[in-house]
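Take a look at the structure below.
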Amino acid sequence: MKKNIFEQKTFIVLSFLFFNILVLSSNIVIREKQTLLEYSIGSVVSPIQTIIANTIDFAHEKWENYFFSKNIYNKYKKSKKEIFDLKTKNYVLKSKLKSLEKYSNLINIKSEKFRLITHARVVYLDKNFLYSSIIINSGTLKKIKKNMLVVNENFELIGNVTDTITPLTAKVRLITNKNGGLGAYVANKEMEGFLTGNNNKLCSFKYLIESKPIKIGDSVTTSGTDGIFPESIPIGKVVNIKKGYLEQEIDVKPFFLNRPINNLIIIEKIK
Amino acid sequence: MKTKIKPFLVLILICLHFFQNKYIASTWFSIDFTYLIIIFVALKSSILKTGFTATSIGLMNDFLSGGILGVFGFSRTLISFIVKGLLVFIDLKKGFYVFMIITISLSASNLMSNFLMYLILDYPINLSFVLLQPVFTGLTGYFILKSSYIKKQLDVY
């Protein structure tokens, strides 16, 4: 009898461990492609996340409303939203103008490089893996798709939407994540390279030609050559240069790390 | 006598976990409330329930952390079975032992997960994740288990 119970327990323990090893090893191979298991977990977890985040935001709003005079607080909220919407439109119009100026002698040109999809807020950010990914409160219900771009209020690049999208939430891979990468220009298109994350607060360009002059403080923008990110979206500033014999390595600190990530804009590159 | 963990305790711990990660800005201070759920289930439930809870919570943590699915699932499940085996020998009335078992087991689980993330995704080893989070979680578990109501629910006397 005792032997039976021991065998039964051993079987249960080994089954659970085997299942987890199976999931782990299959996901090492698949990496970022979404599996049915991940989608199922997301579909269960994301409603809870969204409800909790919305409840706390609602309570926080009501709490602030209690201390502010009601009319003043509502006016402030309305003006803030208007400013945010105007900033968005302003940036879209500026980029349209830039393209029209540059290609004014061409006909049938596409003046818009990207299209605004929706606004979003961060629902979850794992503090133990800060530079990996975030979860936002927009999913397939708000027409979010893979590879859509995420920028902050100042149109500084944060990352792109990965495969893990549920109806209510989506996972955004940050540009500081080592698994990603993007084409970028340094210092007003002096040099182009492939910018990768390092799972910390800095991104880097590797294997750049040493002879090109780059200095600390130069700005880095997207080049658009990777086919995912449109051109001229600000990324960060050069903070460190390591010169080798024939090549140099440049460290870039992303702009989005200078401010809290809260209000986000989801945009899509127009092909 | 088998006791059931009240669902509201589980819900409160999950809410606290999401609240903490969204609204508390500090990077060195964090408490793994979901791990406390595993410990409370391991205290008095069967091995099947312990394994199922640890796997589910581990997979949820995998989804939220943005890493590879299965890393936390494996480490939490393995540690939960070890903890379940050890709990038989520990006097749960003494708060110090409760604190030590939570801290050491979570530290081991986090170290295992972080090491797997380092091997697979080249993530750096995060000392606050491996050392500080278990200490804060252990203290939280100790204070929760000090409550006579929780002790009654978990049949820990």
Provide a whole-number value for the mean count of partner chain Cβ atoms within 10 Å of the Cβ atoms in peptide B:125-136.
1
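With solvent modelled as a 1.4 Å probe, how much accessible area in total do chains B and A shield from it at their shared surface, in Å² to the nearest 100? The partial results should precede the final answer.
On the way: alone 8820 and 17480 Å², together 22230 Å².
So the total buried area for this chain pair works out to about 4100 Å².
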Burial-style ranking of B:45-58, A:78-91, average other-beta-carbon count within 10 Å with highest first, yields B:45-58, A:78-91
Only Cα pairs under 8 Å and at least 6 apart count here; give the relative contact order of the stretch A:182-258 as a rounded whole percent.
31 percent
Inter-chain Cβ neighbour average for residues B:78-85, partner chain, 10 Å
2
Taking the Cα of A:Glu247, stepping 7 Å toward and past its beta carbon, and measuring to each backbone N in the stretch A:208-239: which are under 14 Å?
A:208-211
Candidates per trypsin sites (Lys or Arg not before Pro) in the stretch B:58-157, loop by DSSP, up to 15 other Cβ within 10 Å:
B:Lys93, B:Lys94
Most mobile listed residue (A:Pro47, A:Pro254, A:Pro230) in chain A, GNM with C-alpha springs under 10 Å:
A:Pro47
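Calculate the FRET efficiency for B:Phe143 and A:Val44 from the Cβ-Cβ distance with a Förster distance of 22 Å, rounded to the nearest 0.05. Let's see the in-between values first.
On the way: r = 29 Å, r/R0 = 1.33.
E between B:Phe143 and A:Val44, to the nearest 0.05, is 0.15.
Rounded to the nearest 20 debye, what is the charge dipole size of the stretch A:114-168 about its Cα centre when +1 sits on each Lys and Arg Cβ and -1 on each Asp and Glu Cβ? If you can, show how the numbers build up before the last one.
Details: 7 positive and 4 negative charges, 52 e Å.
Value, rounded to 20: 240 debye.
Determine, from the Cβ-Cβ distance of A:Ile21 and A:Lys77 and an R0 of 60 Å, the FRET efficiency 1/(1 + (r/R0)^6), rounded to the nearest 0.05.
Values: r = 50 Å, r/R0 = 0.84.
Rounded to the nearest 0.05, the efficiency is 0.75.
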From the C-alpha gyration tensor of the stretch B:7-154, pull out the three semi-axes of the equivalent ellipsoid (sqrt of 5λ each), sorted largest to smallest, in whole Å.
23, 17, 15
Value of [θ]222 nm, deg cm²/dmol, for chain A, DSSP H segments ≥ 4, -39500 (n - 2.57) each, nearest 500:
-12500 deg cm²/dmol
Which trypsin sites (Lys or Arg not before Pro) does the stretch A:196-268 hold that lie in a coil by DSSP with at most 11 other beta carbons within 10 Å?
A:Lys215
Can you give the log10 of the normalised intensity I(q)/I(0) at q = 0.14, 0.19, 0.30 Å⁻¹, computed with Debye over equal Cα scatterers of the stretch A:121-184?
-0.36, -0.68, -1.41
With a 1.4 Å probe and all protein chains left in place, how much of the accessible area of chain A comes from carbon and sulfur atoms, in whole percent?
60 percent
Residue-wise, which Karplus ³J(HN,Hα) couplings in Hz belong to the stretch A:38-54, taking 6.51 cos²θ - 1.76 cosθ + 1.60, θ = phi - 60°, and x for glycine or proline?
5, 4, 5, 4, x, 5, 7, 6, 5, x, 5, 4, 5, 4, 5, 4, 5
Under the rule rounded for a/c under 1.5, else prolate if a/b exceeds b/c, else oblate, using alpha carbon gyration tensor axes a ≥ b ≥ c, the stretch B:1-79 is classed as oblate
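Given a 1.4 Å probe, how much area per residue of chain B is accessible, in Å²?
Details: 6820 Å² over 157 residues.
Accessible surface, normalised per residue, equals 43 Å².
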Mind checking A:116-129 for the average number of partner chain beta-carbons within 10 Å of each residue's beta-carbon?
5
Output the pairs from A:Lys178/A:Lys269; A:Lys96/A:Lys269; A:Lys9/B:Lys49; A:Lys89/A:Lys201 with a Cα-Cα distance over 20 Å in this structure; if there are none, say none.
A:Lys178/A:Lys269; A:Lys89/A:Lys201
A student applying the Cα gyration tensor rule (rounded when a/c is under 1.5; otherwise prolate if a/b is larger than b/c, oblate if not) would label chain A oblate
Sequence ranges B:19-26, A:144-151, ranked by mean other-Cβ count within 10 angstrom, highest first:
A:144-151, B:19-26
Evaluate E = 1/(1 + (r/R0)^6) for A:Arg115 and A:Asn262, where r is the Cβ-Cβ distance and R0 equals 25 Å; express this FRET efficiency to the nearest 0.05.
0.65
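The values are calculated or read from the model by the stated rules, or taken from the named source; none is laboratory data. Being a predicted model, the structure only gives us computed values, none of them experimental. Quick reminder, even Gly has a Cβ in these numbers, built from the backbone with ideal geometry, and neighbours come from all protein chains shown. Remember, those area values only see protein heavy atoms, side chains included, never the ligands or the DNA or RNA. Shrake-Rupley method; radii C 1.70, N 1.55, O 1.52, S 1.80 Å.
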